[in-house]
Structure formats: C-alpha cells, structure tokens
Amino acid sequence: MRNLLVTGGAGFIGSNFVAYMLERYPDYRIVVFDKLTYAGNLDNLKRVEQDPRFRFVRGDIADREAVREAMRQHKIDTIVNFAAETHVDRSIMSSDDYIHTNIKGTCVLLDAAREFGVERYLQVSTDEVYGHIPEGHSSHEDDPARPRSPYAASKAGGDHMVYAYFITHGVPAIITRGTNNIGPYQYPEKAVPLFITNAIDNQPLPLYGDGRQKRDYQYVLDHCEGIDIALHHGVPGEAYNIGSGVETENIVMARMILDLLGKPHSLIQHVVDRPGHDRRYSVRTDKIQALGWRSRHSFAEALEKTVRWYVENEWWWRKIKTGEYLEYYRKQYLERK
Ligand code: NAD
Ligand code: TYD
C-alpha cells in the first residue's frame, strides 16, 4: 500500500484522515479525489497542501472516466471512499444526490478497484444503516440493515454493493461503520458545529423534538485511527463498527456546549422534530477492538476540544455561514413549522 486515492478527502472526516495518514506513514502518497460540493472545502486541506506526497484532483466519483484517469495517472493501489452526501435533513428534502453519489458513485469506484486490481478498498459507512436501535441492544456488524432515512438507505445501498463486489468479483473490500463524529472542520449544518457556532453568536440552538434522542459522539481522530486499523489489519469481506460506546442525549450535549462557552441554557429552542428521527444508535465495537483499536477521547474531552477549535477558527466557519448555507438554514429552520 503506497498510493492511496482518498475520495471525499476535502470533507470533514476525509481531510482529518489525510492529515493523520501523511503524518503516520512517511512513505505513503495520497491523492484526494473530491467533487467539492457545498460540503467540500480546500481550506480543510491547507495544512497538507505543501506536502510533496499530496495531490488534489477535482472530480465526481460517479464519473467513470475521471476516476479511471486518476487511478491510471497516480498508480493507485488503495481506495478509501469517504465521498458521500452526508446530511440526513438534506436527504429528506431531496434524495437524488444521495443515490447518485452514495450508490452510483460507490459502484463506479468498485468497478475501478476491480479493473486496476487494488490491494484494498475501504468503504467508510455509518451506524445509521442499522436504523433506530431499541434500548438494551447494540448493533453487531452482522445485524440486518434497516435504514430509515434516505441518507441511511443510500449508505446501506453502497454497503450492499461493496459486499456483492467482494463475493462476486473478489474485490478485497472492507466496510467501517462509524458513529457520529465531532471535531475540527465539520460543516456547521451538523448538530454539534451548528450549536457551537450559533451559541458563539448568541443565536438559538434548534433542538429537534424533546431532545432526548441519543447519539454516540466520537472524536474524529479516534474514528480515523479505527479506519487506519481496519484498512491495514481488517479482513476483506468484513465490516467493523467504530464508536466510543458512550451515549449522550442531544439536550445534554447542547447544555454542555453552552456551559463550555459560558452561555445561558435559554438559548436552547425546541423545534419541530425531524420526520422519521432515529431516537437511538448504539454499536458493539469488540470486533475493531480485537484488531487493537481503542477510543482515546471521553465525550467531555472530545466536545471540549471541538468547542475550542471553533472558538479559535472563526476564519474557517464564518465564510461558510453565508450564501447557500443561509438559504438552507432558512428552508430548514425558519420556514419549517
Ligand atoms: P462531508 O459532508 O463533510 O464531506 C463529504 C465530502 O465528499 C465533501 O468533500 C464532498 O465534496 C465530497 N463529495 C460529495 N459527493 C461527491 C462526489 N460525487 N464525488 C466526489 N466527492 C464528493 O462528510 P463527512 O462527515 O466527512 O463524512 C465522510 C464519510 O463518512 C461519509 O461517507 C459519511 O457517510 C461517513 N460517516 C460520517 C459520519 C459523521 O458523523 N460525519 C459518521 C459515520 C460515517
Ligand atoms: P446530525 O448532526 O444531523 O447527525 P445524525 O442525524 O446523522 O445523527 O444530528 C445529530 C442529532 O442532533 C440527531 O439526533 C438530530 C439532532 N439535531 C437537532 O436536534 N437539531 C439540529 O438542528 C440538527 C442538525 C440535529
């Protein structure tokens, strides 16, 4: 493994992964292949752009010729696919882009993996494919996919194609299913960075429904380490859950953010719930732990680091919260009753 194609590497987790991998593996070269949608941002890659082992190619993973050209030109032997449409609320507004990228795009990458005979293909997936998990259960990798949002359904579709290509064509593919990530460079449509940046500006924190939904919020670099371990030590054809094992209610997360910033809890505003909202996700992680992975950050440490990063990096998020973002915000929060 020397020449990695990291698709979606200009997004939140992908860019953190690229920086982490370049530091950890001095002999790896990384090509980021990214369409630069509203969520893709070259600012996320500023810290690696001078590294001679790094290249950026702008392209759509569903564009077969563009993918093949990048594979050929850069002698790619490993694909790590982060590229996706990733926001549940936007997938409720329209699912077209989700099908295009998360299913069709995944298939194009799998075809390229097959054609170029890669050593490894890693599909970055999500615990949301398991759907809402009742109290008392935590999802095992072999549990059935029961996705309940268009986003989760499109990710599950991608997972199924990955497994089918492993069985049918022998593509040496591995799937990781991470829980919610938090940390630097997360687009401020997701709950944690949205709440932090709104709180900094003394704006309301729009909490869906009763706010008692539970998520396993893990620090992004813990997730990146898990992907690294699965990539190097995972068994082809297998899936690996990655998560902290700690469940936090959204209302608790919102209060902790306000406390860290010294803002009043009265900024929390209960708004109409998300349709089909999954109230709880929970995964078992014994399988990735057996490969040597451990979560390194408690939720409090992860949140504190994240809040500090947004406080110190207004240059990054202030310019995002303009234009298209404000239009989305208006549709999602101000016109929704
Ligand atoms: P993100 O929305 O921040 O970034 C997605 C990136 O993919 C962007 O840079 C975007 O430009 C790019 N992209 C979108 N469509 C593309 C296309 N057709 N071709 C090429 N590039 C395209 O997403 P993220 O939060 O960093 O998530 C990365 C991956 O991790 C996704 O596959 C997501 O499903 C998965 N995941 C995310 C979380 C989370 O909490 N954020 C948790 C588990 C799994
Ligand atoms: P989100 O960051 O969108 O991740 P996901 O839905 O993929 O888990 O949301 C995290 C949780 O926060 C989820 O339970 C929905 C909730 N939420 C709010 O209460 N208000 C918001 O404005 C958003 C975006 C999310």
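The values are calculated or read from the model by the stated rules, or taken from the named source; none is laboratory data. As the structure is a prediction and not an experimental result, all values here were calculated from the model. Don't worry about glycine lacking a Cβ; one is built from the backbone with ideal geometry, like all the others, and counts go over all protein chains shown. Side chains are part of the model used for accessible areas, which takes the heavy atoms of the whole protein and leaves out ligands, DNA and RNA. Shrake-Rupley method; radii C 1.70, N 1.55, O 1.52, S 1.80 Å.
Averaged per residue, what accessible surface does the stretch 1-62 expose to a 1.4 Å probe, in Å²?
Ligands and nucleic acids excluded, the result is 42 Å² per residue.
Can you tell me the orientation of helix 250-261 relative to the chain, as the angle in degrees between its alpha-carbon axis and the longest Cα principal axis, to the nearest 10?
Result, in degrees: 80.
Just for the chain, what percent of DSSP beta bridges are antiparallel, to the closest 5?
In the chain, approximately 5 percent of DSSP beta bridges are antiparallel ones.
Taking Cα pairs under 8 Å and at least six residues apart, what relative contact order does the stretch 19-65 come out at, in percent?
47
Given the protein chains as shown and a 1.4 Å probe, how many square angstrom of His169 are accessible, to the nearest 10?
80
Give me D for the chain in µm² s⁻¹, whole number, from Stokes-Einstein with Rh from the Kirkwood sum over alpha-carbon pairs, 20 °C and 1.002 mPa s.
Translational diffusion coefficient: 106 µm²/s.
Which entries of Lys155/Lys331; Lys75/Lys287; Lys75/Lys321; Lys35/Lys263 show an alpha-carbon separation above 27 angstrom in the structure shown?
Lys75/Lys287; Lys75/Lys321; Lys35/Lys263, as the Cα separations exceed 27 Å there.
Order Ser91, Ser244, most accessible first, counting only protein heavy atoms with a 1.4 angstrom probe.
Final ranking, largest accessible area leading: Ser244, Ser91.
In the stretch 159-234, what trypsin sites (Lys or Arg not before Pro) fall in a loop by DSSP, with at most 15 other Cβ atoms inside 10 Å?
Listed in order of number, the matching sites are Arg212.
Taking amide H atoms as placed 1.01 Å from N in the peptide plane, list the residues 5 or more away in sequence, or in a different chain, whose amide H sits under 5 Å from that of His270.
For His270, whose amide H was placed from the backbone, the distant partners under 5 Å are Leu207.
If one takes the longest principal axis of the Cα atoms in the chain, at what angle in degrees, from 0 to 90 and to the nearest 10, does the Cα axis of helix 64-73 lie?
Roughly 60 degrees between the two axes.
When the Kirkwood hydrodynamic radius is evaluated over all pairs of different C-alpha atoms of the stretch 260-333, what value in angstrom, to one decimal, is obtained?
Its Kirkwood hydrodynamic radius stands at 16.7 Å.
From the Cα gyration tensor of the stretch 90-168, with a ≥ b ≥ c the square roots of its eigenvalues, which class applies: rounded if a/c is under 1.5, or else prolate if a/b is larger than b/c, or else oblate?
Since a/c reaches 1.5 but b/c is at least a/b, the shape of the stretch 90-168 is classed as oblate.
Going by accessible area, probe 1.4 Å, with all protein chains left in place, what is the ranking of Arg120, Arg2, largest first?
Putting Arg120, Arg2 in descending order of accessible area: Arg2, Arg120.
Once the Cα atoms of the stretch 1-156 are picked out, what are the Rg and Dmax in Å?
Answer for the stretch 1-156, Rg first and Dmax second: 16.0, 50 Å.
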